[in-house]
Amino acid sequence: MRQVPQKTENYLIVGNGKMARHLSYYFKLLGISFISWKRSSFENIEHKVSISKKILVAISDDAIEGFIIPLQKKFPEKIFIHFSGILTIPNVYSAHPLMTFGNNLYSLKTYKKIPFIIENKIKFKKIFPELQNNFISIEPRNKAIYHAWCSIAGNFTTSLWIAFFKRMKTIGIEKKLCLPYMEKTFENLVNQKNPLTGPLLRKDKHTIKNHKKSL
């Protein structure tokens, strides 16, 4: 009996973390056809790659190169794309989303606003012709400092607010009562040229001294 040829998919999304789940949901919202693979599925990854045109590798940075290189050697005609903000791999495209991804999925409007940071000489429309997202090209040598500052701005801020909520709770102030303060702080950061307030702005030395003492 003659075998029926397998349908070729445009995209294979690899991974089961936050990036993979958000990317998959974004594609679903846009009606973009794709197939998925995750290590825990025990499916044959080589078969999935063989029937896909573009392989989107949304796994941890430390695992990306070791995952792609062997497959790239076996399937040199395939287009491999990773989403690390710091890695540069020969003959592999990269598109880092300038966004933080939480456990909850986002709206289509939010996904469309995400800018992608790509390496110079890469044509974003060649990678993702269906997407209308903004993109910015940077030199590979600037990726480390770019990603470092993304991590600092996102994670340091988050860690500080987590610590703030915990400390407030110890003195009887619940998190929900602190949220308007947090929301307005970020609103001012977005909309005001100089969003600093309080004793730092006024240079109230006595207040700042008492702050240091209490800490």
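Residues to consider are P180, P199; find the one that is assigned to a helix (DSSP H, G or I), exposed (fewer than 11 other Cβ atoms within 10 Å of the Cβ) and free of Cβ contacts under 8 Å to residues at least 60 places away in the same chain. Working first, answer last.
Working: P199 fails: exposed (fewer than 11 other Cβ atoms within 10 Å of the Cβ).
The match here is P180.
Would you check which residues across the stretch 62-83 are in contact (Cβ under 8 Å) with a residue 24 or more places away in the chain and either within 20 Å of L23 (Cβ to Cβ) or of a type in the set (G, A, S) (or both) and list them?
Let us first name the residues in the stretch 62-83 that are in contact (Cβ under 8 Å) with a residue 24 or more places away in the chain, namely 64-65, 67-68, 71, 74-75, 78-83.
Residues satisfying the conditions are I64, E65, F67, I68, L71, K78, I79, F80, I81, H82, F83.
Which ones in the stretch 36-58 are open to solvent by less than 50 Å² (accessible area, probe 1.4 Å) and within 20 Å of the chain's Cα centre (by Cα)? Give the derivation first.
Going residue by residue through the stretch 36-58, those that are open to solvent by less than 50 Å² (accessible area, probe 1.4 Å) are 37, 41, 45, 48-49, 51-52, 54-58.
Listed by number, the residues that qualify are W37, K54, I55, L56, V57, A58.
Surrounded by fewer than 17 Cβ atoms within 10 Å (Cβ to Cβ) and in contact (Cβ under 8 Å) with a residue 24 or more places away in the chain: which single residue out of N16, N103 fits that description? Don't jump to the end; show me each part of the working.
On the way: N16 fails: surrounded by fewer than 17 Cβ atoms within 10 Å (Cβ to Cβ).
The match here is N103.
Take the residues of the stretch 19-33 that are open to solvent by 30 Å² or more (accessible area, probe 1.4 Å) and without any contact (Cβ under 8 Å) to a residue 40 or more places away in the chain: which is farthest from S84 (Cα to Cα)? Please lay out each step first, then the result.
Quick first cut of the stretch 19-33, residues open to solvent by 30 Å² or more (accessible area, probe 1.4 Å) only: 19, 21, 25, 28-31, 33.
From what is left, the residues that are without any contact (Cβ under 8 Å) to a residue 40 or more places away in the chain are 28, 31, 33.
Values: K28: 22, G31: 25, S33: 23 Å.
That would be G31.
Can you pull out every residue in the stretch 59-83 that is under 30 Å from Q132 (Cβ atoms), more than 24 Å from the chain's Cα centre (by Cα) and exposed (fewer than 15 other Cβ atoms within 10 Å of the Cβ)?
E77 - this is the single residue of the stretch 59-83 that is under 30 Å from Q132 (Cβ atoms), more than 24 Å from the chain's Cα centre (by Cα) and exposed (fewer than 15 other Cβ atoms within 10 Å of the Cβ).
Of the conditions (1) in contact with a Ser or Thr (Cβ under 8 Å, 6 or more places away or on another chain); (2) hydrophobic (A, V, I, L, M, F, W, C); (3) farther than 20 Å from K78 by Cβ, F135 satisfies every one except a single condition; which number is it?
(1)
For the stretch 84-99, does any single residue satisfy the condition of being β-branched (V, I, T), touching a residue at least 40 places away in the same chain (Cβ under 8 Å) and either surrounded by fewer than 16 Cβ atoms within 10 Å (Cβ to Cβ) or touching a Cys at 6+ places or on another chain (Cβ under 6 Å) (or both)?
Filtering the stretch 84-99 for residues β-branched (V, I, T) gives 86, 88-89, 92.
Now narrow it down to the ones that are touching a residue at least 40 places away in the same chain (Cβ under 8 Å): 86, 88.
Now narrow it down to the ones that are either surrounded by fewer than 16 Cβ atoms within 10 Å (Cβ to Cβ) or touching a Cys at 6+ places or on another chain (Cβ under 6 Å) (or both): 88.
For the stretch 84-99, residues β-branched (V, I, T), touching a residue at least 40 places away in the same chain (Cβ under 8 Å) and either surrounded by fewer than 16 Cβ atoms within 10 Å (Cβ to Cβ) or touching a Cys at 6+ places or on another chain (Cβ under 6 Å) (or both): present.
So which residues in the stretch 183-192 are farther than 22 Å from T100 by Cα and open to solvent by 100 Å² or more (accessible area, probe 1.4 Å)?
Going residue by residue through the stretch 183-192, those that are farther than 22 Å from T100 by Cα are 192.
Selection gives nothing.
Quick check on the stretch 106-123: of everything there that is of a type outside the set (V, I, T) and touching a Ser or Thr at 6+ places or on another chain (Cβ under 8 Å), which residue is most open to solvent (accessible area, probe 1.4 Å)? Break it down into steps so the answer makes sense when it comes.
As a first pass, look at the stretch 106-123 and keep what is of a type outside the set (V, I, T): 106-109, 111-113, 115-116, 119-121, 123.
With the extra rule that they be touching a Ser or Thr at 6+ places or on another chain (Cβ under 8 Å), the set shrinks to 119-121.
Numbers: E119: 19, N120: 48, K121: 194 Å².
If we take residues in the stretch 106-123 being of a type outside the set (V, I, T) and touching a Ser or Thr at 6+ places or on another chain (Cβ under 8 Å), then K121 is most open to solvent (accessible area, probe 1.4 Å).
The values are calculated or read from the model by the stated rules, or taken from the named source; none is laboratory data. Quick caveat, the model's predicted, so the values are computed rather than measured. Positions of Cβ are backbone-derived with ideal geometry, glycine not excepted, and every protein chain shown enters the neighbour counts. Accessible surface is based on the protein model in full, side chains and every heavy atom, while ligands, DNA and RNA are left aside. Shrake-Rupley method; radii C 1.70, N 1.55, O 1.52, S 1.80 Å.
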